[in-house]
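Read-outs: derived from the displayed coordinates by stated rules, not from any lab. Predicted, not measured: the structure shown is a model, and the values here were computed from it. Counting neighbours? That spans all protein chains shown, and the Cβs are built from the backbone with ideal geometry, glycine included.
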Amino acid sequence: MLRSIFCAGAAALATLGLITPAAAQKSGGVMKVYSLGNPPSASIHEEGTIAAVEPFSGLYNNLVMFDPASKQNRPDRIVPDLATEWSWSDDRTRLTFKLREAVKWHDGKPFTAADVKCTFDGVSGRTDIGLKKNPRKGWYFNLKDVTTNGTHEVTFHLGRPQPSLLMMLASNVSPIYPCHVSGRDMRQNPIGTGPFRLVEFRPNDKIVVARNPDYWKQGRPYLDGIEWQIITNRSTRILAFVAGNFDKTFSQDVTIPLLKDIKLQRPEAYCEANPFNIQGQLLINREAAPFNDEAIRRAMMLSIDRKAFIDILSQGQDLIGGFMLAQPEGFWGLDAEQLKDIAGFGLDIEKNRAEAKQIMSKLGYGPDKPLAIKVGTRDLAIYRDPAVILIDHLKHAFIKGELEVIETSLWYTRLAQKSFQVAMNVGGSATDDPDITFYEHFSCGSERNYTNYCNKEMQAKFDEQSVLENVEKRKALVQEIDIALQREGARSTIYQLRTATCWHPHVKGIKLHQNSQYNHWRLEDAWLDK
């Protein structure tokens with residue numbers, strides 16, 4: 001017998017509308033936003049970059065979503081979307097959704113349970129739905145089957161209990177795809193059920209979406225459309241926002257120093273700075289010689305002065321932490337005190353660097369014979385700036401780095417293919433959840449496990465924390481895992497980023513989440529007061 005844990009009646013639907021007073025909202029107008037880079041495609045299931053998620057989220061719906069009015073993505077803040085209600089079986093291995101009726105795809109065809117099954121059979125890797133890339137396949141290793149009961153009910157069958165499943169399904173990177181549209185079309189001419197329909201996707205130029213007149217959520221969206229202009233130069237796009245050419249900046253694009261500049265020139269602009277669950281990360285290809293030597297990896301970690309990164313990049317506003325987002329915005333994360341005994345985290349930088357030099361000297365390197373490497377990074381200022389700092393720090397370990405800048409649409413493909421030696425990455429998890437973080441980034445064989453880290457004992461700990469329903473016990477184990485991952489240099493966190501998104505006062509209905517930059521970009525509640 002199924003035990004209901006959530007019910008989506010009128011009260012839950014009302015939650016979705018409590019963003020701004022209904023009387024104040026105006027319909028019409030086209031919001032203009034800039035985009036910082038060229039998205040590789042419009043297929044969110046195939047991409048791991050916000051350059052794809054932000055402009056294309058409005059085309060899609062999920063089964064469930066995080067309440068836009070909540071500042072945090074949390075299990076108790078999940079609300080209905082294409083599902084109207086859901087319930088767990090008594091043994092917590094079956095999750096059943098009742099689906100919304102009379103929903104249509106943008107091409108007029110009906111949405112049914114078959115589309116849900118098709119989507120997650122494909123994303124979990126059990127069937128071929130035409131995905132060229134599948135970065136979140138690792139999320140669904142425990143999903144054994146998806147079955148339908150008629151056209152408007154679907155059940156997810158798990159191999160074992162996994163409380164995080166709803167968090168995965170609520171993330172903006174878990175949209176429902178139509179079974180009748182090819183994978184190739186979803187990359188360039190996607191069809192969804194969302195509040196906006198794609199009008200134009202012109203790579204390296206612009207993305208245009210228009211209001212879906214048949215959207216199932218009555219009265220949404222308020223906007224007639226949204227236009228994203230792709231501008232790769234950060235100074236140019238920030239100046240264009242200040243000049244009033246754009247209504248809103250791109251997510252996470254405004255650094256703390258730039259935020260101060262914007263407020264000086266446009267003091268009336270509304271800007272919100274959050275950590276967004278994004279980190280500056282040192283990626284080392286552990287299978288490429290000489291980086292398969294643990295001693296060299298340790299020397300690299302010891303050369304890093306994390307405080308210097310933070311002082312330079314954010315005027316001291318970024319945080320030192322592990323891979324899980326630090327508190328108070330996060331729930332599971334570590335603080336600097338818990339990490340102080342790990343290589344590269346301690347404050348005695350000179351001592352750390354002396355040890356790094358000693359290690360490298362024993363391996364035959366020195367000031368006259370440095371280890372020459374390439375340091376890859378994405379062609380965005382928010383990546384290039386820390387990459388330059390990283391190269392400077394590595395000199396203290398007799399490592400001479402050469403900057404290799406990679407076009408933004410190719411960046412994650414290069415990482416997934418392990419076509420790098422050392423990389424400075426700025427990335428994180430779509431949702432602040434241990435299963436999402438550990439299985440996507442550190443699980444053996446995961447497409448987004450860029451450093452080829454594989455530890456069977458650690459994998460067992462991932463599974464151990466995953467089944468725990470006691471939150472405090474799970475948190476203690478999650479922190480133990482995070483400390484171990486940092487100690488091993490699996491994917492070293494250099495700093496946890498705090499940046500801002502800005503919009504002009506006439507833009508209303510923008511709600512940002514503190515612990516994710518990915519889960520608030522459908523923009524069906526945004527409107528223009530002009």
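From the residues 371, 431, 310, which one has its Cα farthest along the dipole of the range 278-496 in the positive direction, the dipole being from +1 and -1 charges on Cβ of Lys/Arg and Asp/Glu about the Cα centre? Working it through, the farthest residue towards the positive pole turns out to be 371. For residue 260, the lysines whose Cα falls under 29 Å of its own Cα, not counting residues fewer than eight places away in the same chain, are 32, 71, 206, 248, 307, 508, 511, 530.
Let a ≥ b ≥ c be the square roots of the eigenvalues of the Cα gyration tensor of the range 56-179; is it rounded (a/c under 1.5), or, if not, prolate (a/b larger than b/c) or oblate? Note, shape of the range 56-179 comes out rounded. Rounded to the nearest 20, the Cβ-based charge dipole of the range 364-461 about its Cα centre (Lys and Arg +1, Asp and Glu -1) stands at 380 debye. Ordering 441-449, 465-473 by mean Cβ neighbour count within 10 Å, with the highest value first, yields 441-449, 465-473.
Put a plus charge on the Cβ of each Lys and Arg, a minus charge on the Cβ of each Asp and Glu, and nothing anywhere else: the dipole of the chain about its Cα centre is then about 520 debye.
For the chain, the 222 nm mean residue ellipticity estimated from helices alone, with every DSSP H stretch of n ≥ 4 adding -39500 (n - 2.57) and the total spread over all residues, rounds to -8500 deg cm²/dmol. Cross-link reach is defined here as a Cα-Cα straight distance under 21 Å, omitting same-chain residues fewer than 8 places apart; for residue 133 the lysines meeting it are 117, 144, 418.
When each of the peptides 488-498, 390-400 is scored by the mean number of other C-beta atoms lying within 10 Å of its residues, the order from highest to lowest reads 488-498, 390-400. Under a 5 Å amide H cut-off, with hydrogens placed 1.01 Å from N, residue 494 pairs with 280, 281, 282 among residues at least 5 apart or on other chains.
Straight-distance candidates among the aspartates and glutamates for linking to residue 369, with alpha-carbon spacing under 17 Å and chain neighbours fewer than 8 residues away dropped: 392, 402. Sorting the segments 358-364, 426-432, 224-230 by their residues' average number of neighbouring beta-carbon atoms within 10 angstrom, most packed first, yields 426-432, 224-230, 358-364.
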